[in-house]
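Since the structure comes first, as structure tokens, the remarks are kept for the end.
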Amino acid sequence: MKLKEFCKKYKYTFTTLILICISIVFAIFIFSGAYKDLIESIKLAFNYLIGIFQEKTETTIPPPIPIIPSSPDSGVIILPENPAIIIARLRIWGQMYLTSDTYSFFFSELIYYAMLLMVWSPAIILTFILIKKLIVAIFLHENTKHGQVTLPLKGYLWVSKVSITPSVNYSRNWWQHIKESKLRFVLLIIWALNLNIFSILIPILPYYFYCCFNLSFTNFYDFIKFELSKTKYIFMLGLIIIIPAILIVIDKFRIAYALHKLRSFEEYNRKVLEGRELVTYKDGVMGSGKTRLMTQEVLQESVIFTNKAFELKNVCKKMFPFFPWLLYELDIEKNIKEKKIYSWASAIDYVANLEKEFNEGTHSLFNYNYKKYRNTYYNGLVNNNLFDVLKDYAKLHFLYIFVGSYIVSNYPIRESKEMMTVGNSVRWDCDFFNFDKDFEESSYYSKILDFDYIRMLTKFDESPIKDSFEFGIISITEADKEQANAVQTLNDSSESPYPNPKNDGISLFEKFIRHHATIMGYCFAVIFKDGQRAMSLNADTREISTLEHLQKPSKEKNALPFFFIEKTAGHISNFIDRKFLDDKEYYRGDNTLFYYTLTYISAVLYNFYYRRKNRYGYAIASKILEAGVMDGKETTVKTYLLFAIVYADAYKTDTHSANFEEKSRKSGTGILNYESYQKTKMSDAELDKQNSYSGKNLHDPDWKKPYIEKANAEKEEKKALDKAKAKKKAKEIEE
Amino acid sequence: MLFKENFKKMLKITGIIIFIIFLAFIISTSVIALTTPKNINIDDFINCVYVSKDSEHTLKIVDNENIVLSAGKKMQKYSIKDIEQEILIINDKEQEFAIKLIDKSKIFCEKIKGYMYLVDKEKETNET
């Protein structure tokens, strides 16, 4: 039993050991020549190193290159012994372009193959049609055997269950295991030796140093020839391994290029954001992507805050370079855990207490030798006191290690960032394009915006908690519905006993925000809003904002070079669906092996396309900036909409859907139960069922009368009731 | 607008096709110029006579060491300096030149900056 458990526990290690043994067998019986090559390479590298120090004379003998036999076994790319042959080839290559015959040969061949294609294409099309007909005849037997599985598919599923699936799962698990195991280095080293990688790499650096002093075409040619000859074991693997390996390497380059491009777009966006005003209001037609762009900017602003806090912390560190900052940070973190520090104000109190204790001699200030390293810093203009700097640092560190989101919004936003620490200082991985982050662990949801936090005058709840907002990124979607204009708030006044846009003081909060969110001159607060129309906002709120009129973004683009490869895969998948699977869905109710295979291929191809489209996709958006006073001066700013940021479950465009779903649920009915017209000519009864103003006007021009009469009657009744109440009250007072 | 869109699309497709043809041309020419054709053996070319397109020049590979190149009525013998793979380096008073053996039917001569084609061996021998 114990042995079984032991085997189970170390099964992947055993697999790795078996693979190592197999690799060693390969090394002995197949790749033994590679080890001789390694000795040759070491000798050559050594000769090059000696060659550097040899005095250069006309008779200096270049380091001997091991003799390479000019046989096909010496490598796939065989270079001639004499470098003049290569030069001659290059000369001839150039001359070929100046000869008309080269063009004649090429175009006559091109025409020949085009003709061949033209001749064959009807046959190809015919074959395809025949195959399609054959498939229809063989596989598209109409049936309604819902959910039944054919015998071949059953057989395949059984084979897959006992062999393919366990093997694939085992291989995947082993791969995960080996990625973390140290045994991977042993495997890597053995195969690097087997494939002559070390023999290729070892002489490169010595040759580089050698050629710095003795560069000549001959020795360069000899070196390249030597290097190419050492590739023979790589080519021994065969095209079945080499081609996929090359494709994987090319793909890695494509991905690296795409990520670099997206990161530069993101950096550009951040530079644009850094020049923004404190309050911005985005407007645009429905579907122009206001909330989408606002969410992206909010997420990028969060990264800006993190980076800025880190940058300013470093400025503080440079003022007092020998202060034990790490101990100070750890003490702040301890206080945060003990809930003694929970805001900037409490952080200031903590430093004030520290100063008091230090002055009283009860705190060593983390053993800082202030007599040697000073407790003031002259910045060229004024002296900064150590404790003032510590206050700023405490606030910055509180902001930096803040485990949560700085975003306070009226719709949910998901931030993706990962805290990294080995027990000392803390780092954040805020890279939007690191797709390996753990979704659960790296998700931080925005804080619920209680509008009372930003109301400075009349609030729903006058509790002191509502005055706690110090810093953060405020994001308000549909802000025009919240801070409505004069027409929409006609019945409200600044004297109203309830909060409303005329008496809540939100715009006052916006004007004062800089005063409570600034550290070392940088304001850690910003407000983003969006809405349909700029004029729907009340004048005060609008005029302190920068208006951003959004234009419709460009067509979707992709940062991956040669994205047509993925697009083609997507087209093939759609083609399979259209030509085969849709018909299958229509005609057959059962499941067959043929369609199972097609479905699998279609899904693999589509995933290849769709995932990359999402990861590396972007669009170019532009916004016209205008001051809230609307004085007519406009600037157009380009911005990149990055799908990896906004479509990574950052927000939901249908964020209010729960409310509407609930209403629909309560209604107990749906579109299925709506009445239909009976003909294309509408009946009078059908018009009446529309409850439309124009319909009612047509039907009965006096349709408003009963409503007015009813309302007047209710008013009269209410008046009478009020009168009676007043009379009763007066009587009571009299009594 | 629709015409403009379609025209743009057509232009793009034409551009892509031209680019592919251009790429294919560059690749095929470099393959011919820079690679060694399979089964090239100098012995198969001995005594073969090649003539340029304008029939101005005639070249005969006499043996492994010599070639004869004639321009009009002027005939000159050159010695082969080096033979490797499919390239012949020929000694010349002015400057060395190369001959590339493409296949049995044609070669490229650097001296005349063009292709030379195999002429009927017997006919040529009789003329000589």
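The values are calculated or read from the model by the stated rules, or taken from the named source; none is laboratory data. What you see is a predicted model; the values in this text were computed from it and never measured. Cβ coordinates were reconstructed from backbone atoms using ideal geometry, including for glycine residues, and neighbour counts include every protein chain displayed. Protein only, heavy atoms only, side chains kept; ligands, DNA and RNA dropped before computing areas. Shrake-Rupley method; radii C 1.70, N 1.55, O 1.52, S 1.80 Å.
Every residue, every condition in (1) at the interface with chain A (Cβ under 9 Å from one of its Cβ atoms); (2) at positive phi; (3) not hydrophobic (A, V, I, L, M, F, W, C), yes or no:
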{"residue": "B:ILE46", "(1), (2), (3)": "no, no, no"}
{"residue": "B:SER79", "(1), (2), (3)": "no, no, yes"}
{"residue": "B:GLN85", "(1), (2), (3)": "yes, yes, yes"}
{"residue": "B:TYR115", "(1), (2), (3)": "yes, no, yes"}
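Of the strands (runs of 3 or more DSSP E) contained entirely in region B:1-100, those carrying at least 3 residues that are open to solvent by 40 Å² or more (accessible area, probe 1.4 Å) fall at B:74-84. Within region A:457-493, the set of residues being touching a helix residue (DSSP H, G or I) at 6+ places or on another chain (Cβ under 8 Å), part of a loop (DSSP other than H, G, I, E, B) and in contact (Cβ under 8 Å) with a residue 40 or more places away in the chain comprises A:LEU457, A:LYS459, A:SER468, A:PHE469, A:GLU470, A:PHE471, A:THR477, A:GLN483, A:ASN485, A:ALA486, A:GLN488. For region A:580-593, a tally of residues being surrounded by fewer than 18 Cβ atoms within 10 Å (Cβ to Cβ), touching a residue at least 12 places away in the same chain (Cβ under 8 Å) and within 10 Å of A:LEU140 (Cβ to Cβ) returns 2. For region A:285-379, the helices (runs of 4 or more DSSP H) that sit wholly inside it and include 2 or more residues that are in contact (Cβ under 8 Å) with a residue 40 or more places away in the chain and among the basic types (Lys, Arg) are A:290-319.
With respect to (1) in contact (Cβ under 8 Å) with a residue 60 or more places away in the chain; (2) touching a helix residue (DSSP H, G or I) at 6+ places or on another chain (Cβ under 7 Å); (3) assigned to a loop (DSSP other than H, G, I, E, B), the lone exception for A:TYR411 is condition (2). Looking at the structure I just gave you, is A:LYS230 under 30 Å from A:ASP480 (Cβ atoms), crowded, with 20+ Cβ neighbours inside 10 Å and of a type in the set (D, E, K, R)? So A:LYS230 does not fit the description; no. The set of residues from region A:143-158 being under 16 Å from A:LEU593 (Cα atoms) and surrounded by fewer than 11 Cβ atoms within 10 Å (Cβ to Cβ) comprises A:HIS146, A:GLY147, A:LEU151, A:TRP158. Here A:ASP577 does not qualify as open to solvent by 60 Å² or more (accessible area, probe 1.4 Å) and either of a type in the set (Asp, Glu) or in contact with a Pro (Cβ under 8 Å, 6 or more places away or on another chain) (or both).
Per the listing A:LEU110, A:LEU79, the residue uniquely facing chain B (nearest Cβ under 10 Å), open to solvent by 50 Å² or more (accessible area, probe 1.4 Å) and over 30 Å from A:THR16 (Cα atoms) is A:LEU110. Pairs meeting the criteria (first residue in region A:135-151 and assigned to a loop (DSSP other than H, G, I, E, B), second residue aliphatic (A, V, I, L, M), beta carbons under 8 Å, at least 6 apart or on different chains) are A:THR150/A:LEU593. Taken over region B:101-122, the residue count meeting the criterion of being within 17 Å of B:ASP44 (Cβ to Cβ) and surrounded by 21 or more Cβ atoms within 10 Å (Cβ to Cβ) is 4. Within region A:419-461, restricting attention to residues that are open to solvent by 50 Å² or more (accessible area, probe 1.4 Å) and within 18 Å of the chain's Cα centre (by Cα), the residue that is modelled with the highest pLDDT is A:TYR445. Can you find a residue in region A:82-99 that is over 24 Å from B:ILE20 (Cα atoms) and more than 10 Å from chain B (Cβ to nearest Cβ)? Yes: one or more hits.
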